[in-house]
Amino acid sequence: MEMSHEHHRNSSMLAATHPPEHLHSTAPSGHGHGSDMMAMAMTFHFSYENVPLLFSGLTINSPGEMAGAFVAVFFLAMFYEGLKIARECLLRKSQVSIRYNSMPVPGPNGTILMETHKTVGQQMLSFPHLLQTVLHIIQVVVSYFLMLIFMTYNGYLCIAVAAGAGTGYFFFSWKKAVVVDITEHCH
């Protein structure tokens, strides 16, 4: 039984923009996949032809399409950063069951001081927790989309992910409350 894998060597899909040693087949292993084979670059490149983007029917083939994809990916990365901060703000606003616990701690000269700690919680079967769950799912999906976009190894799209994330962090994270515990010595 002779198996021909000639179609792996003759793939011209990306031959013009990527040398064969930098390509990786995304076709399923086995037989009969023939001309449906797609090749992905496994090194960083700056091309705008035959660049797959997340879905099989979404392929970038022109400079204009790459510019549009760059802008879309940039804003998707900004959205991801904004979503992370928004979830933190919503969590702070929805915290319930505030309790104060006092604990005796040794003080100077053998005295005993009372230290008070604030404890907050959230109810599992509540609208805020349901909203947090839905937003978490969206955040995970968007993060995997950004990872897969970066893994195209297309330099333009990688720059869009990094620049969008950085810009999103710049615009949204300044609202993030930073709490410094002065009793913590490992800063």
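Derivation of every value follows stated rules applied to the coordinates shown; laboratory data play no part. Predicted, not measured: the structure shown is a model, and the values here were computed from it. Methodologically, a virtual Cβ is constructed for each residue, glycine included, from the backbone with ideal geometry; neighbour enumeration extends over all protein chains shown.
Side notes on the structure shown:
- FRET efficiency, 1/(1 + (r/R0)^6) with R0 25 Å, evaluated for ALA67 and VAL142 via beta carbons: 0.70
- The H on the amide N of MET42, modeled in the peptide plane, is under 5 Å from the matching H of LEU23, HIS24, each at least 5 residues off or on a different chain.
- 3J(HN,Hα) along the stretch 68-83, derived from phi through the Karplus expression 6.51 cos²θ - 1.76 cosθ + 1.60 where θ = phi - 60°, amounts to x, 5, 4, 5, 4, 5, 4, 6, 5, 5, 5, 4, 4, 5, x, 5 Hz, with x in place of Gly and Pro.
- In order through the stretch 89-94: 3J(HN,Hα) via Karplus (6.51 cos²θ - 1.76 cosθ + 1.60), integer Hz, x for Gly, Pro: 5, 4, 5, 4, 6, 9
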